[in-house]
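Following: one structure in structure tokens, then a few remarks.
Every number in this text was worked out from the coordinates using simple rules, so none of it is lab data. Model, not experiment: these values are computed from the prediction. All Cβ positions, glycine included, derive from the backbone under ideal geometry; neighbour counts span all protein chains shown.
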Amino acid sequence: MTLRIATAGKGGVGKTTFTAMMTRALVEKGARPALVVDADPNANLNYYLGVKYDATVSDLRESLKRDQPPSGMSKPDFTALKISEILSENDGYDLLAMGRPEGPGCYCFVNEVLRAAMTRLASKYAVLLVDNEAGLEHLSRRTTDDVDNLFIVSDSSIVALRAAARIKLLSASLELKVKNISLVLNRIKSDAEREAAISSARDIVGKDTQIAAVIPEIAEIGGMLSSGSNVFLLKDFPREILEPLVSPHET
């Protein structure tokens with residue numbers, strides 16, 4: 001069975017960095033191969049991973065609308081084949097980028113292609129890890145559906161925790177197929193901030209909120225991209241915090 005993980009959260013809380021670190025944790029734990037999906041139209045997960053890709057799902061949209069599959073091949077199989085051809089293949093994981101939307105407010109075709117491809121491709125992988133765009137739209141479009149763990153990433157700010165609360169509420173109201181929803185508190189600077197953040201999370205996100213992890217602020221990350229570094233080169237890597245989050249038996 002494929003372990004399916006998705007991340008969500010307000011912009012600016014370190015969600016993409018968290019997803020990149022989760023990718024490293026997966027690879028180092030031996031949960032291979034993993035399919036990592038950058039489902040944010042403003043794709044930048046690859047920079048944090050230190051890899052490149054040649055094309056996105058959006059780049060294929062016109063050909064997928066126009067081209068007919070070969071005789072004997074279904075349209076869904078043909079689509080999955082075309083998607084597999086643009087995967088960025090790396091050590092222990094493949095990266096698939098969604099890319100830009102079709103036009104103002106129109107994501108329908110790309111999202112349907114992405115969902116169909118993930119459904120067909122995921123069975124070939126030990127883990128599917130999806131980095132969603134910031135905010136709530138991906139939930140209402142059901143890009144994040146049928147997953148084992150949805151990690152809502154937040155820092156200790158009231159604004160980010162309120163956004164986390166809205167994401168949790170919307171997930172429940174849409175009756176998404178998510179087995180477990182939990183909160184990840186990120187960029188925590190001290191023990192005092194940790195305790196305050198946990199208390200605020202209980203008050204704002206909900207008393208029943210499961211806090212999956214509390215990740216300390218990592219000084220290296222601030223200048224990581226400008227220095228040409230990436231998460232695989234981090235010396236201060238919170239392995240003991242992240243590895244339990246990518247274990248199938250934890251779902």
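Once the Cα atoms are used to define both axes, helix 158-173 deviates from the longest principal axis of the chain by about 50 degrees.
Based on the Cβ-Cβ distance of Ser123 and Gln68, what FRET efficiency does E = 1/(1 + (r/R0)^6) give at R0 = 22 Å, to the nearest 0.05? Walk me through the numbers on the way to the answer.
Working: r = 25 Å, r/R0 = 1.13.
With a Förster radius of 22 Å, E is 0.35.
Run through region 175-230 and list the trypsin sites (Lys or Arg not before Pro) located in a DSSP loop whose Cβ has at most 15 other Cβ atoms within 10 Å.
Lys177, Lys189, Lys207
Given R₀ = 41 Å, FRET efficiency for Ile158-Arg239 by Cβ-Cβ distance, to 0.05?
On the way: r = 30 Å, r/R0 = 0.74.
Rounded to the nearest 0.05, the efficiency is 0.85.
DSSP finds beta bridges in region 3-250, and of those with both partners inside it, around 10 percent are antiparallel. Taking the chain as the region of interest, the number of lysine pairs whose Cα atoms are within less than 14 Å, with members eight or more places apart or on different chains, is 6.
Does region 50-105 come out rounded, prolate or oblate, given a ≥ b ≥ c as the square roots of the eigenvalues of its C-alpha gyration tensor, rounded meaning a/c under 1.5 and, failing that, prolate meaning a/b above b/c? Mind dumping the intermediate values first?
Values: a/c = 3.02, a/b = 1.26, b/c = 2.39.
Judged from the Cα gyration tensor, region 50-105 comes out oblate (a/c at least 1.5, b/c at or above a/b).
Length gain on complete extension for the stretch Leu81 to Glu28, per 0.36 nm per residue less the alpha carbon to alpha carbon distance? Provide the component values of the computation, followed by the final result.
Details: separation 53, 0.36 × 53 = 19.08 nm, distance 2.82 nm.
Taking 0.36 nm per residue and subtracting the Cα distance, the gain is 16.3 nm.
Between 0 and 90 degrees, the angle of helix 191-204 with respect to the longest Cα principal axis of the chain falls at about 70 degrees.
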